[in-house]
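Reading through the structure tokens given below for one structure.
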Amino acid sequence: MKKTMTRFLSLALALCMIFTGSTLVSATDAPTSPDEKIDGTFLFDVLRISHIEWDQVATSNGNRAWNDYFDTTEEDPAYRVWVENTGDHSFTVYVKRGSASSDDIMSGPHTVAPGDQICLDYSTDNKGNKPGRRWVVINPIGGNDFEAHVRVRIAPSTGELG
């Protein structure tokens, strides 16, 4: 019920803007991630159903991995994991199912060099890749410290991820 009401209000707002001739301008110059393009103030962004689950900085002194989780559901089975290396050393990225220490790897290892980024889009199903908890795990390479910008977006389909 809450999703239906939110979608209705978003659609109503968008229609009001169209009929009043309002135009919106993006406050950002050059986007630094795929999500900034769809989280801006463009008219049809209001109609987008996907949403950012979390957006944070990941750091490590090189002695430990960094990890955090998000949940996929039957309503929002598609997800995007975007990671940008903002530090001075390379690291590896995994997406896992179940727990951070799980051997059930959905994706990875992906090595991300300083200044580079990676964008991984996936969708769960009700067969072998069921909705549930997913973990983003970043491991240091060679005991080096790292810093990254990590964002997770979920949506009803991969087409709505952006």
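The values are calculated or read from the model by the stated rules, or taken from the named source; none is laboratory data. Here the structure is a predicted model, which means the values were calculated and not measured. FYI the Cβ positions are ideal-geometry reconstructions off the backbone, even for glycines, and counts take in every protein chain you see.
Number of residues in region 90-100 that are farther than 15 Å from Phe70 by Cα and surrounded by fewer than 18 Cβ atoms within 10 Å (Cβ to Cβ) equals 2. Just to verify a result, which residue in region 116-162, among those that are surrounded by 14 or more Cβ atoms within 10 Å (Cβ to Cβ), under 23 Å from Ile49 (Cβ atoms) and acidic (Asp, Glu), is modelled with the lowest pLDDT? Only one residue tops the list, namely Glu160.
With the requirement that a residue be surrounded by fewer than 20 Cβ atoms within 10 Å (Cβ to Cβ) and in contact with a strand residue (DSSP E or B) (Cβ under 9 Å, 6 or more places away or on another chain), what does region 61-74 give you? Show your work before the answer.
So in region 61-74, the residues surrounded by fewer than 20 Cβ atoms within 10 Å (Cβ to Cβ) come out as 61-65, 67-71, 73-74.
Residues satisfying the conditions are Asn61, Gly62, Asn63, Arg64, Ala65, Asn67, Asp68, Tyr69, Phe70, Asp71, Thr73.
Filtering region 123-145 to residues that are part of a loop (DSSP other than H, G, I, E, B), charged (D, E, K, R) and in contact with a strand residue (DSSP E or B) (Cβ under 8 Å, 6 or more places away or on another chain) leaves only Asp145.
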